Amino acid sequence: MRILIHFAFDEVQIQTFQQIAHKYGAHEVCHATSEEEALPFASETEVILGLFLPSVCAAAPNLRWIQSNSAGMDNFLFPEIIERDDVTVTNMAGLYASQGGEHAWALLLSLARGIPHVMGSEGRRAWQMPVVELTGSTLGIIGLGGFGMEMVKRAQGYDMTILAIDPVRQDKPDEVAELKPATRENLHELLRRSDSVMLACPKTPETYHLIGREELASMKQTAYLINVTRGGIIDEDALATALKNGEIAGAGLDVTEIEPPPPESPLWDAPNIVITPHRAGSSQHRPRKTFEFFCENLERYLKGEPLRNVVGKRRGF
């Protein structure tokens, strides 16, 4: 078979992929770093590791498996690949979760301890010291996959009561006080009871603007909202209004619907908000983790073993 690697791996890593491929047969490994380089290889390709573009997939009738380099699938699952029942897609779900959990907590702690308001911030020449103790409070987590479970681990250190909702998970971890299905009623109950809310769900048609005007109104005025997964899950106009009206205490965002937010975005003028430039998944270990996971799943495929992180293409994660 032909294995097309469409990702910026170095020469040594490509050689490792070749060694794995040759271990299980006379398989060909091709490397492309652009669409133009990938297209000539597409016709005989069975496996794509990395980026998968509509043009390349359309030119690959023998394609059977795609290993994405992304955890979130909302920007990658185009209709043609969803409809191809003979093509399996796997992603990087959980591989970037530890750093995502760290970043979510960095945002929450920044808000709770008033770090954006201390001397030297925003050009002020006076101290402002609004601080909140998180220990012993209630944390609501929307989505209990890789990111969500890393948030749970960190919440334990603060003796927090953890509430969670999830659309598919039924087994409640011992660390979580309550786990309920992701219904609108359960969402609003979680928002009413939580002192802090962290979003850890993928962006799908069902979660687009999941947090809107009504949901923000359900939250405590003293509550914080954190999102490190995907922009678009929060209605940003509604969030800016809620912050200006004091309906919630603050928000920490690593992702926005348009990145970066355009100059006219109301987020720029909203109070008590911390925005970082989509870096929650970043880590000095990410390149190594990506390479190692690609190697592991490729070996599984060549040995005929079940692949890790198979995506439900129609549900979007």
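Numbers for the structure displayed
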item: Convex hull volume per residue in cubic angstrom - Cα atoms of the stretch 79-201; result: 158 Å³
item: Positive-end residue, the stretch 5-107 charge dipole about Cα centroid, Cβ charges, pick of Leu39, Met92, Ser55; result: Met92
item: Range of Cα positions in the stretch 15-153 per principal axis (Å), largest first; result: 66, 34, 33
item: Coordinate range along principal axes, alpha carbons of the stretch 183-317, Å, largest first; result: 58, 34, 24
item: For the chain, diffusion coefficient by Stokes-Einstein and Kirkwood Rh (Cα), 25 °C, 0.890 mPa s, µm²/s; result: 116 µm²/s
item: Magnitude of the charge dipole, the stretch 1-54, Cβ model with Lys/Arg +1 and Asp/Glu -1, debye to 20; result: 240 debye
item: Loop-located trypsin sites (Lys or Arg not before Pro) in the stretch 258-295, at most 11 other Cβ atoms within 10 Å (DSSP); result: none
item: Amide proton proximity set for Ser70, modelled H, under 5 Å, gap of 5+; result: Met92
item: Calculated Rg and Dmax of the stretch 131-227 using C-alpha coordinates, Å; result: 12.4, 37
item: Rel. contact order, % - alpha carbon contacts under 8 angstrom, at least six apart, the stretch 33-84; result: 34 percent
item: Rounded to whole Hz, the Karplus (6.51, -1.76, 1.60) HN-Hα couplings of the stretch 250-263, x for glycine and proline; result: x, 9, x, 10, 9, 9, 9, 5, 10, 10, x, x, x, x
item: Qualifying lysines (Cα of each under 28 Å from Cα of Lys313; at least 8 residues distant if same chain); result: Lys172, Lys180, Lys203, Lys289, Lys303
item: Antiparallel DSSP beta bridges within the stretch 1-60, as percent of all bridges there, nearest 5; result: 0 percent
item: Ordering of 291-300, 192-201, 87-96 by packing [mean C-beta count within 10 Å, highest first]; result: 192-201, 87-96, 291-300
item: Accessible area expressed per residue, the chain, with surrounding protein chains retained (probe 1.4 Å, Å²); result: 48 Å²
item: Long-range amide H partners of Arg113 with built H, under 5 Å; result: Val132
item: Heavy-atom accessible surface of the stretch 258-317: percent carbon and sulfur, 1.4 Å; result: 54 percent
item: Counted charge near Asp86, where neighbours are those whose Cβ lies closer than 15 Å (Asp, Glu -1; Lys, Arg +1); result: 0
item: The stretch 31-71 shape via C-alpha gyration tensor axes, a/c threshold 1.5; result: oblate
item: Built amide H within the under 5 Å cut-off of Val89, gap 5+; result: Ile66, Val311
item: In Hz, Karplus ³J(HN,Hα) per residue of the stretch 160-170 (6.51, -1.76, 1.60; θ = phi - 60°; x = Gly, Pro); result: 8, 7, 10, 10, 8, 10, 7, x, 10, 6, 10
item: Net dipole in debye of the chain [+1 Lys, Arg Cβ; -1 Asp, Glu Cβ; about Cα centre; nearest 20]; result: 640 debye
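The values are calculated or read from the model by the stated rules, or taken from the named source; none is laboratory data. If you're wondering where the values come from, they're calculated on a predicted model, not measured in any experiment. All Cβ positions, glycine included, derive from the backbone under ideal geometry; neighbour counts span all protein chains shown. Keep in mind that these areas ignore ligands, DNA and RNA; they rest on the heavy atoms of the full protein, side chains included. Shrake-Rupley method; radii C 1.70, N 1.55, O 1.52, S 1.80 Å.
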